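In what follows, a structure is listed as structure tokens, so that the remarks can point back to it.
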Amino acid sequence: MGKNRVATIGDESLEAEEKQKKAQKKAEKKAREAAENKTEETSQDSQEQEAAPAQKSEENVKSEVKTEEKPKQKKEKFAKIKKRSANYTSKIIMIDKNKSYSLPEALELLLKVRMAKFDEAVELHINTTSDGISGQVKLPHGTGKDIKVVIADDAVLAQVEKGKIEFDVLIATPDMMPKLAKVARVLGPKGLMPNPKNGTISANPTEAAKAFQGGLMYFKTETKLPVMHLVVGRISFDTAQLSENITTALSKVGKERIQKVVLKSTMSPGIKLAI
């Protein structure tokens, strides 16, 4: 048989006291554990807070170092400004840019604003109403330049093939054109290839050569641009000669096809002409 517990009077009160003590000890233990956990968390938080300023200070140092580094200097692009000489500046202020001068006024002013000591060419720069304008004009007093005119033959062709071009105008007969075709790539870009439009292909080349030597001049607008440039004499010409040459040239181009004309010498500022 098993053991039988014998109950005695007063045992109930003792058991109750023991249970109360155990419960109290258990509660105290939980309180201690909770307090220890809180202390550890507080310590960890303080360590993280201490580490954060240190990390921030390192980042600040890096940023300061970057700030101290010299920024890369960008190459600044400056537009090239053309500097004019004091002589040019003193000349250009004599010309009213807003005024169109009559031909006599313009020629008188041209002599005052000439720049060079050599015998400058007198030029007309013409804005036309359209491109593709061309023609011939014989100036009454020539251009003042000795024009070397040659008639195409086998000897001239051989010189051109060697790259030697010693002429200003080349005249050719129609039967010579097939031979000249092989040097067209040389003569064409220089404007020297004989062409029926400018009178350099002729059945009578001797007469054609005399005409060019006597002042006959071919004019045309630039390729796909309504602009042409004509030499109409030399600064050494007298006013009457220049006036006749300019009047003849403008008349041949056609005043109805002209929008604007500027008169100048080789080095001088431009003078706007009244049309």
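The values are calculated or read from the model by the stated rules, or taken from the named source; none is laboratory data. Values in this document were obtained by computation on a predicted structure and should not be read as measured data. Heads up, the Cβs are rebuilt from the backbone with ideal geometry, glycines too, and the neighbour counts pull from every protein chain shown.
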How about the stretch 182-200: which of its residues are outside any helix (DSSP H, G or I) and either without any contact (Cβ under 8 Å) to a residue 24 or more places away in the chain or under 17 Å from residue 138 (Cα atoms) (or both)?
191, 193, 195, 199, 200
In the set 184, 274, which member is among the small types (Gly, Ala, Ser), surrounded by fewer than 18 Cβ atoms within 10 Å (Cβ to Cβ) and touching a strand residue (DSSP E or B) at 6+ places or on another chain (Cβ under 8 Å)?
274
I'm checking my understanding of the structure. Among residues of the stretch 122-143 that are modelled with pLDDT of 95 or more and buried (at least 17 other Cβ atoms within 10 Å of the Cβ), which one is nearest to residue 240 (Cα to Cα)?
122
Conditions: (1) β-branched (Val, Ile, Thr); (2) part of a helix (DSSP H, G or I); (3) surrounded by fewer than 19 Cβ atoms within 10 Å (Cβ to Cβ). Residue 246 meets all but one. Number of the miss?
(3)
May I ask you to list pairs of residues, at least six apart or on different chains, whose Cβ atoms are under 8 Å apart, with the first in the stretch 97-108 being closer than 16 Å to residue 125 by Cα and the second being of a type in the set (Ser, Thr, Tyr) and assigned to a helix (DSSP H, G or I)?
103/243; 103/247; 107/239; 107/243
Kindly indicate which of 155, 181 is over 38 Å from the mean Cα position of the chain (by Cα), of a type in the set (Gly, Ala, Ser) and not assigned by TED's automatic domain parsing to the domain that holds residue 243.
155
Among the residues of the stretch 226-243 satisfying the criterion of being under 15 Å from residue 103 (Cβ atoms) and surrounded by 20 or more Cβ atoms within 10 Å (Cβ to Cβ), which is nearest to the chain's Cα centre (by Cα)?
230
Looking at the stretch 211-222, can you tell me whether even one residue there is within 21 Å of residue 258 (Cα to Cα) and not in a strand (DSSP E or B)?
yes
If you scan the stretch 196-219, which residues turn out to be under 39 Å from the mean Cα position of the chain (by Cα) and loosely packed, with under 15 Cβ neighbours inside 10 Å?
196, 197
